[in-house]
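*Asks:* If you scroll down you'll find the structure; I have some questions about it.
The values are calculated or read from the model by the stated rules, or taken from the named source; none is laboratory data. Because the structure is predicted, anything quoted here is derived from the model rather than measured. Neighbour counts run over all protein chains shown; Cβ positions are idealised from the backbone, glycine included. Keep in mind that these areas ignore ligands, DNA and RNA; they rest on the heavy atoms of the full protein, side chains included. Shrake-Rupley method; radii C 1.70, N 1.55, O 1.52, S 1.80 Å.
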Amino acid sequence: MMAMVNLSLPAPAKSPSRPPPKLSSLSSVPLSVNRPVNFEPLRHRLIKHLDAGHLHKAISTLDVMASHNAHPDLITYSLLLKACIRSRDFKLGKLVHSHLTESKLELDSVLFNSLISLYSKSGDWTKAREIFESMGNKRDLVSWSAMISCFANNKMSFEAILTFLYMLDNGFLPNEFCFTAVIRACSTSEFFPTGEIILGFLVKTGYLDFDTNVGCALIDMFVKGNSDLESAFKVFDKMPDRNVVAWTLMITRCTQLSYPSGAIELFIDMVLGGYMPDRFTLSGIISACTELESESLSLGKQLHSWVIRSGFASDVCIGCSLVDMYAKCTIDGSLDDSRRLFDRMENHNVMSWTAIITGYIQCGGRNMAAIELFCKMIEGPVPPNHFTFSSVLKACGNLCDSRTGEQFYAQAVKHGFASDDCVGNSLISMYVKSGRMDDAQKAFESLFEKNLVSYNTIVDAYAKNLDSEGAFELFHKISDFGVEVNAFTFTSLLSGASSIGAIGKGEQIHARLLKSGFQSNQCICNALISMYARCGHIEAAFQVFNKMGDRNVITLTSMITGFAKHGFAARALEIFHEMLKAGIRPNEITCIAVLSACSHAGLVSEGWEIFKSMHKDFKIAPRMEHYACMVDLLGRSGSLREAIEFINKMPCTPDALVWRTFLGACRVHHDKELGEHAAKMILQQDPHDTAAHILLSNLYASSGQWEDVARIRKNMKERNLIKEAGCSWIEVDNKIHRFHVADTSHPQVQEIYDKLDEMALKIKGLGYVPDTDFVLHELEEEQKEQFVFQHSEKIAVAFGLITTSRPKPIRVFKNLRVCGDCHTAIKYISMATGREIVLRDSNRFHHIKNGTCSCNDYW
C-alpha cells in the first residue's frame, strides 16, 4: 500500500491539482447567498450569550433570528459550532448546521472543517466524510487532518492511512495534527509496520523533536501496536518539552505492560522535575502499586496521603483506584480498608461499584458479599455496565450458583448487553464452573461475535474439565477460522495437558508455540514448567526454567512446586534460597510450595524456620493453607501430639482443610483417638464432608473395626454422600487410557491381566508379599489378595508394560493417594522389568527405578 506514494517531502501547501478519488456520490452544499436583513441587535445578543458561556441562550437567539428569516454571518456560525463541539453538545451542533443550510450562505473552509469535526466527534463518520467530499478545492490542511482524525477515532485505521496518502498525493505537507492522527491509526498490531514507515517520514520533517502530541501518539503506537516499551521510552526521552499529559501517558503504559516499577520511577522523576501530578497521574500511579510484588500497600498508603494533601480526596476516579489498590494489596485477605474507603466516597460511579464488587471476588473470595453489593447497586441510581455484570457472573460461577447467575444475565440483557462479548464470556465461564458444560457450549455458540477471548474461554473450560480432546479440537477450529491465537490460548492448552498428565499432547503444544514465536513469552514458559512437572518430566521442566532469561516470582514458584511434588526437596530449597539472594520476595504460593517440599521430605526444622520467617522477613500473614502445610509436615513425621498442639494454638479457627490434613496423618499412623477427634471437628463444620467420612472409615477398617465401618457407610448412604471412585490412567500414542479397580472394559483386557499374572509370579519370587491391610472390606484373606492385585494403578502399569518400550518411562496417574501395597508392588515390578515407572497420585510424584522410590517410602 505504501508503494503507491513517494514519501519524500512534498512541495509547500497549495490548492490540489485534482480532487481525491470519490469515496461516495454526494450532493453539494447549496452555494447561493441570501442578502441578510438588519439583525445586528440579535447578533450582538447572540455573541454576548456565547461570551458568557450560555450556549442554550445563544441557540435560542439563533432560533428567533431564523424565524424572522435572518441569519448571522459565517464568523458567528463558526463561533456557535465551536462552542457546541467544546461542550460536546452535538445535538445543538447539528441544529446549528440545519440553520446554516437554510441560510444559503456560501461556506468557507473554516466552517466546513468545523462541521467535519462536529460529526467526527459525534461518531457520525459517514456524515463527516460526506461534508469533506463536498468541499472540492476548498479543502485545506485542516480539512485533511480532521478527516484523518475522524477515521482514526472511529477505529477505521485503513481509511485513515489511505486519506493520509491521498493528502500527500495532492501536494499537502502534513503538520503535527496530521501526523498525530495517522500515527493513532497505526497503533494496532495490524498497521504497526505502516506506522514505522510513517515514523521515517516524520523524522525527516522534524516534528518529533518539538511536538509533544506527536511524541505521545508515537508512545501509544509502540505500546499498543507492538508492546514495545523500550522504543516508547526512547521517544519519551527524545521529547524536549514534556508536559503532565506525556508523563501520565508513559506512567500508564508502563503499568499496562506489567512494568510497575518503571511507572514508580517515572512518577518520582516527574515530581522531582517540578511537574504537578493531576488526577489522571495519581489514578495511574495508584494502579501501578497494585502490580508491584512487594511494598505495594506501603507505597499505596503514601500516595493516598498525597491525594488527600493535594485536595483530590473527593475525586471519583482516584477513589476508584484507591478502592482497587486496597483490595488487591491486602496482606491478610481483609477488605476492610477498601470497603471503608468505598463507604466514605461522597459520589459513586459505575467504576467504584465495579471495583469493590471485583475486589470481594478476586481478593477476599467473598462471593456472596459481592452479590449482595451488586443487588444494592441495581437498586440505586448507578446502572451496572458490562464489566459489573461480568464480575457478578464470575461470583455466581465461584459459588456454582448458575441459577442466580441466569437471573443476573437476564438483567444484563435488559440493560442491552445481550451481544456483549465480555458478558457472554463470563456466562460461559459460570456454566463451566457450575458443571454445566452443555450450557457453556450453547452459550459459546450463541455469542453474537466470537473473538479470541471467547475461544480462549471455551478452550480453557474444556481443559479444566479434563477434556483435552475437546480443547484440541477447538484449538484446530480457531486456526481454521484464521483467528490468531495468543499466549492465553497456549497456556490453557498446556494446563489441559498437565491436568491429565498428557505429556504427548503437551510436547505437541510446545512444538506449535515454538513455531508461533512464543518461546520467550514468560507466561507460556511458566505454563511449560508446570506442564512438564505435572506430567512427570521434571528434568524437561528444569530445562525450560534454565533457558528463561526473565524469571519472575511465578516462574520460581512453579519450579519450586515441581521439585516439591517430585520429592526433590533439596533442589526446591536451593531455588528458594537463590530467589531470596536475587532480591525476589516470595509470595503466599511460594511459601506453600516450600513448606510442601519440606513436608514431603520430612524436613521438620527447615519447615519451622520458613514458617516463622513468613511474617518476620517476608511480611506475609499465614493463611489457612500455610497452617495446613505445617500440620502436614508434623503429621507425616509422626509428631501427632505436636501437630494437635499447633492446631490448638492457631490464632484463627482451624477450618476443615486443617483438620482433614490432620485426620489423614492419623490414618497413616493408626491413631484412632486423635483421628476421631479430627473427624468430629470436621463434621461440626460440615456434616456432609465426604472426605472426613472416608478417612475415618479407613482408619476403622485398618484397625479391623468393621462395625464402625458399617455405621459410617450407612450414615454416608443416608446423607447421599458418594465416595470418589479410584481411577488411574496412562497416555499411550496421544490417547488416554483409564482404569478402575478390577476393570475389564478395555479392549486389551486379556493381555493386561495376563501381564498382571506374569508380574505377580515374578515379584513374589523376588520377595513381594501382598499387604492385605489395604483392602478396606471384610473379606477372606485369599479374596483380599486377589482384590489388592486388581487396583487401578497396577492395571495401568501392566498396560504400560505391554504398550511401551525401553528406555521410555511408564507414566501412570491416579486421582487418589496410592495405596501402600501398590507402591511396594510397583517397586518390585520396576526391579523385575528394569523399567522406570513414574507414578503421580493426589499428593506427589513417585519416581520408581530398580526397586527404589524417590520418596524413600516417606509419603
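*Asks:* Which ones in region 477-535 are part of a loop (DSSP other than H, G, I, E, B), at pLDDT 80 or above and either charged (D, E, K, R) or over 22 Å from the mean Cα position of the chain (by Cα) (or both)?
*Replies:* Correct list: Cys535 only.
*Asks:* Looking only at region 400-416, filter to residues that are open to solvent by 40 Å² or more (accessible area, probe 1.4 Å) and in contact with a Pro (Cβ under 9 Å, 6 or more places away or on another chain); which one of those is farthest from Ile371 (Cα to Cα)?
*Replies:* Selected residue: His415.
*Asks:* Do the conditions hold for Ser143, that is, is it in contact with a Lys or Arg (Cβ under 9 Å, 6 or more places away or on another chain), among the hydroxyl-bearing types (Ser, Thr, Tyr) and surrounded by fewer than 24 Cβ atoms within 10 Å (Cβ to Cβ)?
*Replies:* no
*Asks:* Could I ask something else about it? Would you confirm whether or not region 285-296 contains a residue that is closer than 20 Å to Leu218 by Cα, open to solvent by less than 40 Å² (accessible area, probe 1.4 Å) and without any contact (Cβ under 8 Å) to a residue 60 or more places away in the chain?
*Replies:* No, there is no match, as no residue in region 285-296 is closer than 20 Å to Leu218 by Cα, open to solvent by less than 40 Å² (accessible area, probe 1.4 Å) and without any contact (Cβ under 8 Å) to a residue 60 or more places away in the chain.
*Asks:* Can you pull out the residues in region 199-215 that are touching a residue at least 24 places away in the same chain (Cβ under 8 Å) and under 30 Å from Phe518 (Cβ atoms)?
*Replies:* Gly200
*Asks:* Let me ask another. Can you find, within region 123-139, the residue that is nearest to Asp108 (Cα to Cα) among those that are open to solvent by 50 Å² or more (accessible area, probe 1.4 Å) and in contact with a helix residue (DSSP H, G or I) (Cβ under 7 Å, 6 or more places away or on another chain)?
*Replies:* That would be Lys138.
*Asks:* If you don't mind, there's one more thing I want to ask. Could you list, in sequence order, the residues of region 725-744 that are among the polar types (S, T, N, Q) and either surrounded by 13 or more Cβ atoms within 10 Å (Cβ to Cβ) or in contact with a His (Cβ under 9 Å, 6 or more places away or on another chain) (or both)?
*Replies:* Of everything in region 725-744, those that are among the polar types (S, T, N, Q) and either surrounded by 13 or more Cβ atoms within 10 Å (Cβ to Cβ) or in contact with a His (Cβ under 9 Å, 6 or more places away or on another chain) (or both) turn out to be Ser728, Asn734.
*Asks:* Out of everything in region 575-600 that is open to solvent by 40 Å² or more (accessible area, probe 1.4 Å) and within 27 Å of Arg660 (Cα to Cα), what residue ends up being farthest from the chain's Cα centre (by Cα)?
*Replies:* Going through the qualifying residues, I end up with Ile592.
*Asks:* Please identify the pairs in which a residue from region 524-546 that is more than 20 Å from Glu836 (Cβ to Cβ) and small (Gly, Ala, Ser) has its Cβ atom under 8 Å from the Cβ atom of a residue that is open to solvent by 40 Å² or more (accessible area, probe 1.4 Å) and at pLDDT 90 or above, counting only partners at least 6 apart or on another chain.
*Replies:* Once the first residue is more than 20 Å from Glu836 (Cβ to Cβ) and small (Gly, Ala, Ser) and sits in region 524-546, its partners that are open to solvent by 40 Å² or more (accessible area, probe 1.4 Å) and at pLDDT 90 or above give Ser530/Thr561.
*Asks:* Out of the residues in region 140-169 meeting the condition of being in a loop (DSSP other than H, G, I, E, B) and at pLDDT 90 or above, tell me which one is nearest to Gly93 (Cα to Cα).
*Replies:* Asp140
*Asks:* Let me ask something else about it. Can you name the residue in region 289-347 that is modelled with pLDDT under 85 and among the β-branched types (Val, Ile, Thr) and, of all such residues, is nearest to Ile251 (Cα to Cα)?
*Replies:* For region 289-347, the residue satisfying everything is Thr290.
*Asks:* Name every residue in region 694-724 that is closer than 21 Å to Ser792 by Cα and open to solvent by less than 60 Å² (accessible area, probe 1.4 Å), in order of residue number.
*Replies:* Listed by number, the residues that qualify are Ile694, Leu695, Ser697, Asn698, Ala701, Ser702.
*Asks:* Shifting gears a bit: May I ask you to list pairs of residues, at least six apart or on different chains, whose Cβ atoms are under 6 Å apart, with the first in region 168-183 being within 11 Å of Ala152 (Cα to Cα) and the second being hydroxyl-bearing (Ser, Thr, Tyr) and open to solvent by 20 Å² or more (accessible area, probe 1.4 Å)?
*Replies:* Ala181/Ser149
*Asks:* Say whether the condition of being touching a residue at least 24 places away in the same chain (Cβ under 8 Å), over 19 Å from Thr163 (Cβ atoms) and among the small types (Gly, Ala, Ser) is met by at least one residue in region 229-243.
*Replies:* Checking region 229-243: not a single residue is touching a residue at least 24 places away in the same chain (Cβ under 8 Å), over 19 Å from Thr163 (Cβ atoms) and among the small types (Gly, Ala, Ser).
*Asks:* For region 386-431, name all the residues that are of a type in the set (A, V, I, L, M, F, W, C) and out of contact with any Ser or Thr (no Cβ under 8 Å at 6 or more places or on another chain).
*Replies:* If the condition is that a residue be of a type in the set (A, V, I, L, M, F, W, C) and out of contact with any Ser or Thr (no Cβ under 8 Å at 6 or more places or on another chain), then Val392, Ala395, Leu399, Phe408, Ala410, Ala412, Val413, Phe417, Ala418, Leu427 are the ones that fit.
*Asks:* Return only the number of the condition from (1) more than 23 Å from Gln522 (Cβ to Cβ); (2) in contact with a helix residue (DSSP H, G or I) (Cβ under 9 Å, 6 or more places away or on another chain); (3) assigned to a helix (DSSP H, G or I); (4) open to solvent by 10 Å² or more (accessible area, probe 1.4 Å) that Asp237 does not satisfy.
*Replies:* (2)
Table: residues versus (1) within 21 Å of Phe177 (Cβ to Cβ); (2) under 47 Å from the mean Cα position of the chain (by Cα); (3) part of a helix (DSSP H, G or I).
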site: Arg88; (1), (2), (3): yes, yes, no
site: His99; (1), (2), (3): no, no, yes
site: Leu111; (1), (2), (3): yes, no, yes
site: Ile116; (1), (2), (3): yes, yes, yes
site: Gly123; (1), (2), (3): yes, yes, no
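*Asks:* Suppose we filter Ala564, Ala541 for residues that are under 19 Å from Pro809 (Cβ atoms), modelled with pLDDT of 80 or more and in a helix (DSSP H, G or I); which single one remains?
*Replies:* Result of the check over Ala564, Ala541: Ala541.
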